[in-house]
Amino acid sequence: MGTPTPEIGEKMKIVLLGAPGAGKGTQAVKIAEKYNIPHISTGDIFRKNIKEQTPIGVIAKSYIDKGNLVPDDVTIEIVKNRLAEDDCKKGFILDGFPRNVYQAEALLNITELNVVLDIHVPTENLMARLTGRRVCSGCGESYHVTTLEGRNTCARCGENLYQRDDDNEQTVAERLAVYHKQTEPLIEFYKAKALLKTVNGDQDADAVTAEVLNVLERL
Ligand code: AP5
Ligand code: MG
């Protein structure tokens, strides 16, 4: 008999790495839909808590507004609890976690991983992507002002679009600095563990998705 070959959905314990604006959220939505696995974005979890004015939201806002990382203990606890839920048993896609070596070490003690996808975009392209981003207040879909032609509602669900508080030039500059200092070292961290795959994020979003799916199908 032997061990049964795992189905594709059972090899989908994925971390998405990438700078702010690299397209992690955009790609995570597609992967989650295709493989029917939960999309866990620590940024989205914090923004929900901020909106609901929970104690975590109050703490998170003071860091996010400055472009800094929310403290590790708060963040790790959230991820640990989320990954313990039943829907994560077969797979998940982590978007925006881990963000420093301390978080990555903690994650090793929480779960195994199958792959870490690094979406690479040259730094000089990221400021324009982020300051021009508009997000749907209903379904969370991301847009860019250059393709909206003045529209301010979501093409999918019709709700209003808004600009994230941390998508202004000053906060984006700090987020990029924090990325280079604290998150970029994770590329070497995961390379050393033979988990890293790099995807070219500097192309049309559909082309990025095709490259991502190609990597995942070959796992
Ligand atoms: P988070 O929400 O994770 O923000 P981020 O990492 O800065 O990344 P973004 O969400 O801005 O970008 P993205 O890569 O998802 O790109 P997107 O697909 O939207 O975190 C926010 C804050 O929360 C952090 O600063 C921190 O304070 C805190 N936080 C979160 N996680 C934490 C953690 N683990 N520890 C501590 N603190 C934490 O795309 C961006 C734009 O580009 C959009 O307009 C989109 O339409 C466009 N776009 C996407 N793909 C393409 C493409 N291929 N070509 C052209 N445009 C594209
Ligand atoms: Mg995102």
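Bear in mind these aren't lab numbers, they're just calculated from the coordinates by the rules spelled out. Worth saying up front: this structure is predicted, and the values here are computed from it rather than measured. Cβ sites come from the backbone with ideal geometry, for glycine too, and all protein chains shown count toward neighbours.
Using a Förster radius of 30 Å, what is the FRET efficiency between ASP165 and ASP86 based on their Cβ-Cβ separation? Nearest 0.05, please. Walk me through the numbers on the way to the answer.
Details: r = 33 Å, r/R0 = 1.11.
So the FRET efficiency works out to roughly 0.35.
Lysines within cross-link reach of LYS66: Cα-Cα under 27 Å, excluding same-chain residues under 8 positions apart?
Straight-distance partners of LYS66: LYS24, LYS48, LYS51, LYS80, LYS181.
Using Cα atoms only, what is the angle between the long axis of helix 24-35 and the major principal axis of the chain, expressed in degrees (0 to 90) to the nearest 10?
That helix lies at roughly 40 degrees to the long axis.
For the stretch 6-214, what is Rg from Cα atoms divided by 2.2 N^0.38 Å, rounded to two decimals? Each step should come with its number before you reach the end.
Numbers: Rg = 16.4 Å, N = 209, 2.2 N^0.38 = 16.8 Å.
That works out to 0.98 for the stretch 6-214.
Rounded to the nearest 10 degrees, what's the angle between the helix 169-178 long axis and the longest principal axis of the chain, both from Cα atoms, 0 to 90?
Its long axis makes an angle of about 20 degrees.
By its C-alpha gyration tensor, with a ≥ b ≥ c as the square roots of the eigenvalues, how is the stretch 132-178 shaped: rounded for a/c under 1.5, else prolate for a/b larger than b/c, else oblate? Write down the numbers at each step before the final one.
Values: a/c = 3.07, a/b = 2.06, b/c = 1.49.
In terms of gyration-tensor shape, prolate.
Per-residue counts of other Cβ atoms within 10 Å, averaged by peptide: what ranking do you get for 191-199, 41-49, highest first? Mind showing how you got there, number by number?
On the way: 191-199: 15.2, 41-49: 19.3.
Result, highest mean first: 41-49, 191-199.
Can you check what the net charge comes to around GLY138, using other residues whose Cβ is under 10 Å from the Cβ of GLY138 (Lys, Arg +1; Asp, Glu -1)? Intermediate results must be reported in sequence, preceding the final value.
Details: positive: ARG156; negative: GLU141, GLU159.
Here the charged neighbours net out to -1.
Could you work out the helix-only [θ] at 222 nm for the chain, with each DSSP H run of four or more residues adding -39,500 (n - 2.57) and the total divided by the number of residues, to the nearest 500 deg cm²/dmol? Could the numbers behind the result be given before it?
On the way: 10 runs with 92 residues, N = 219.
Helices in the chain give a 222 nm mean residue ellipticity of -12000 deg cm²/dmol.
Mind pulling the angle between the C-alpha long axis of helix 205-217 and the longest principal axis of the chain? Nearest 10 degrees, somewhere in 0 to 90.
Long axis of 205-217 versus the principal axis of the chain: about 10 degrees.
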